[in-house]
Amino acid sequence: MIKENHNNLLKWIRLIQKSLSVEAESGFKNIKGRQDSFHVFLARQLGSPPQGVEDKSIRSRLSELSKEFFFYPGLVETKRRHLIAKTRQFFHNLLLKIDPPSPIAPPSLNVFRPANVTKKNDSNSRLTLDSPIYELKGIGNKIKERLSAIGLILVRDLLHYYPRDYVDYSSLRRISGLITGEPATIVASVRRCNAFRSPRNQNLSILELHLQDSTGRIKVARFFAGKRFSNYSYLQSQTKLYPSGVTVAVSGLVKEGPYGKSFQDPLIEVVDESQPTLRSKNIGRILPVYSLTEGIKADRFRGIVESVLYLTKLYPDYLSQSRRQVLNLLTRSEALIAIHIPNDRKSLKEARRRIVFDEFFLMQLGLLRRRMQIKAKPAPYFKNLIDKDSLTSKFLDSLPYRLTKAQTRVIKEIKLDLGRSEPMNRLLQGDVGSGKTIVSVVALLQSVQSGWQGALMAPTEVLAEQHYRNLSLWLPNLNVNVELLTGSTSRLRRQHIIDDLANGSTNILVGTHALIEDPVVFSRLGLVVVDEQHRFGVAQRNRLMNKGLHPHLLTMTATPIPRTLALSVHGDLDISHINELPAGRLPIETRLILGSKRDDAYQLIRNEISQGNSAYVVLPLVEESEKLDLKSAIDVHQHLSEEVFPEINVGLLHGRMSGLEKQSVIKQFSSGDCKILVSTTVVEVGVDVPNATVMMIENADRFGLAQLHQLRGRVGRGNKKSFCFLITDNSQSLSRERLKVLVKSNDGFEISELDLRLRGPGQVLGTRQSGMPDFVLASLVDDAGVLEEARNEALFTLKQDPFFLKNQLLKELLDSHWTKISGSSHLN
């Protein structure tokens, strides 16, 4: 019954379509049938459709059309035409909905494939991977200079100069299946071809091809600029290339024009049935797109790369065939060929995966080997004293609060490390205010208790001064001698500190980069603690480590680091995480505010100050515009102190102040003499002020999420309700959505994971000096799965052959790769 209704409905639709066509062909004259006029027949049919039309909206539309055709005789011809066209379109769409056509298979096309890329080219037969590029045939001085400008000197440089993108013309489509904004290739026949000069520009000629296939029609245009293309004979020769009926292949980016879909800068070639493949090297292929310099055309560069691909066979594979099968990886040679001339999306994906694996694997293998080498060295012996008279016990007993469970767990992990015969190499993560400093002091005291000295290095004088003040407050009754050494330390005081350090009188030295200077010599350095470790380079940390004989190392960061980033940068470290804030801390209320609503934040600041609290106002600092930012800070400070808060002492802190000036401002703010602190820098405000309850961040969209989260952690250090205002005038929805993450979440790991995805690893860590590896293709966001595979394979490799006795090739690759990354700086 259902099938019968469906068939009757199809017959009825075709009857309506036929009657509309006959009326149109007769000139819209309301033709007379055997019984009724056209308009009577159509009004009656539309008003009583057959069974099968269940959709209420369709029945309603049919009823409206029926009424319109009732008045058809009184319409002028133009309105009759419009009504007929509208009705025909409606029934065309209705037929497609009720009886959709069977999908048409995409066209077939034998595209050009570079042949014999693995075979030696006679013209370049003497080349090796280390041959200079100018030895390639056809490379003159100009091309050589332009290639060297982008770092291409040797042949191997060409092979490792991967495409930055691809244009995928391999997607073969029918005309009706073209999608605006996507590259595609069609195969169609020529209906007609025109070539003419532009009426608006006599130096511009246009070739128009009107094409069709079984699904539709399209107009394709190519433009030729220059007088030589505008003469009559040239235009005629172009039209003769594409006679009516000939089949052509067209590749390009699909665009939407005033007359429907078309192609932007199309590639066109006649499909010759006598030729097995197309002559064009671009049509129907996935084309690599390289970052090039002026004077080198894309097709020319692709040809240069393809001419040396046969040399990929000179790359032996450090992975055995059995391991490649387990990991489902291509050979290095296959991957290099496919990354430059992929046959399809699948081969490109497989090639990229192998190259990404290599990048991750060599990085992980280097980190794990470094960890193994560190563990093999003898460490300073630390006594694991747990009695009540030990320095650590006395220190912990003197604290006015109890440690959190997370702090207790991490202290236990560190004590186990310090009790071993191998050097500790541990990273301590924890949000601002989680109590990392207390944990580091316990480790330093264990060093002193065991007869060794400790060093605590911070990236700025303000932070070093803060650590020194805390230690001086906590340790006076323990007979532990603590000194501070920074760039601001006087010459006389500096010499006194250096002398006491060398003779062992100083137990703990706190300082900045000044600690790594040559005159600084420790008597018995047993433990190095590095705060905000991402602010120091590998070489700087190593210089401090080299002042002792394989001392233990504890590095600390307030930036929660996602696992993929931690594996890449700190794969050689053991990682501890303080994932708990001290009891009594209230969550910080974060608000996103437009600049025009800034007065609301000012009013809350005034209310907080009236209750004895303090506030930060932070401005972003961009190195390229330091003078501009400094002026901005001075202007904001003046505006706040003279117009907004004239009755309140407003302080100013910026990077160009001397160390003594900074310390004076910080002291005033900490003591409460200064209630509002305006600062241009992120790190300089990293002071512990329990009464600070408001953090106001101007131009918050210029910060990374991880930076904002750290800044927010500078308030809420006591047991009072605290607030964070993110001020922005950026109206972009993406920017505002990014900032809303902070409004909704206080989870540092969740925030840094999103920051990694949005802004990249360099922004999460906050500096390029952090030892962040420079991956060429690998992405810590998109290739997390490959990173885990590479890590596991590196662990397997070191377990099977820790000294690479059976794989000399891998050892050479690793040494070369690691030298480039670490700048050949040796570890202590």
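Derivation of every value follows stated rules applied to the coordinates shown; laboratory data play no part. Every value quoted in this text rests on a predicted model; they were computed, and no experiment measured them. Reconstructed Cβ throughout: ideal geometry from the backbone, glycine too, with neighbour counts over all protein chains shown.
Overview of results
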| item | result |
| --- | --- |
| Net charge dipole size for segment 487-589 [Lys, Arg +1 and Asp, Glu -1 on Cβ; Debye, nearest 20] | 240 |
| Ellipsoid semi-axes in whole angstrom, largest first, where each is sqrt(5λ) of the Cα gyration tensor of segment 359-488 | 27, 19, 16 |
| Alpha-carbon Rg/Rh ratio, for segment 196-260, with Rh computed the Kirkwood way | 0.99 |
| Exceeding the 23 Å Cα-Cα cut-off - candidates Lys394/Lys415; Lys349/Lys799; Lys144/Lys346 | Lys349/Lys799; Lys144/Lys346 |
| FRET E, pair Asp688, Ser421, Förster distance 41 Å, beta-carbon r, rounded to 0.05 | 0.65 |
| Neighbour cut-off at most 16 other Cβ (10 Å), DSSP loop, GluC sites (Glu not before Pro), segment 1-56 | Glu54 |
| For the chain, size of Cβ-based charge dipole, Lys and Arg +1, Asp and Glu -1, in debye | 3180 |
| Segment 1-53 versus segment 778-824: alpha-carbon centroid distance in Å | 74 |
| With 5 Å bins from 0: P(r) over segment 448-602, alpha-carbon pairs, percent | 2, 8, 15, 17, 17, 13, 9, 8, 5, 3, 2, 1, 0 |
| Candidate aspartates and glutamates - alpha carbon under 12 Å from Lys281, same-chain residues fewer than 8 apart omitted | Glu269, Asp299, Glu306 |
| Hits among aspartates and glutamates - C-alpha to C-alpha of Lys375 under 14 Å, sequence gap 8 or more where chains match | Asp417, Glu422, Asp572, Asp574 |
| Lysines whose Cα lies under 21 Å from that of Lys662, excluding same-chain neighbours fewer than 8 positions away | Lys627, Lys631, Lys675 |
| Lysine pairs with alpha-carbon atoms under 29 Å apart, segment 1-84, spacing 8 or more or separate chains | 20 |
| Share antiparallel - DSSP beta bridges, the chain, percent rounded to 5 | 45 |
| For the chain, the spread of Cα positions along each principal axis, largest first, Å | 119, 76, 63 |
| Rounded FRET efficiency, nearest 0.05, which uses the C-beta distance separating Leu314 from Lys240 and R0 of 51 Å | 0.60 |
